């Protein structure tokens, strides 16, 4: 409501055109998150009513009262829980074990392969990426502009040919 004109009512429909509308994927994700929240709440109530004994319930009541009364207590207890999860080898954010996922991410892929100078694959890739050995360790240089790279693998982090060479790009820009 506008203070200057009390008869004027807010018109939220005017702003709806400017507000981004969620995509169907976002709506599905929100519905999934809400369903998961209710499932977790159900699991918590079941645990609380069937597995927690009276002394534990009393302690939980004290903790909840402290959390409600003090933001510092909430941070303190969250820190304790996160630390215990970490000590158990679990994710502090969600309480799950991500070891398999991390192992999969850390496994070397084709881009992590190290090629030996002089073998057939190294020569093929050197031609494709337009580099030649400098004679110093694994260093290579662009055969077009002379830009040096630490290794063939380093050069392979960019596009093949002139399009991926920083030196060629600069040379083309500035002559």
Where in region 71-175 are the helices (runs of 4 or more DSSP H), entirely inside, with at least 1 residues that are modelled with pLDDT of 85 or more and touching a helix residue (DSSP H, G or I) at 6+ places or on another chain (Cβ under 8 Å)? 71-87, 120-129, 152-155, 166-174
Which numbered condition residue 28 misses (of (1) more than 27 Å from residue 99 (Cα to Cα); (2) at pLDDT below 85; (3) under 32 Å from the mean Cα position of the chain (by Cα); (4) surrounded by 10 or more Cβ atoms within 10 Å (Cβ to Cβ)): (2)
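The values are calculated or read from the model by the stated rules, or taken from the named source; none is laboratory data. Bear in mind that the values here come from a model prediction, so they are computed numbers and not experimental data. Virtual Cβ from ideal backbone geometry, glycine too; neighbours counted across all protein chains shown.
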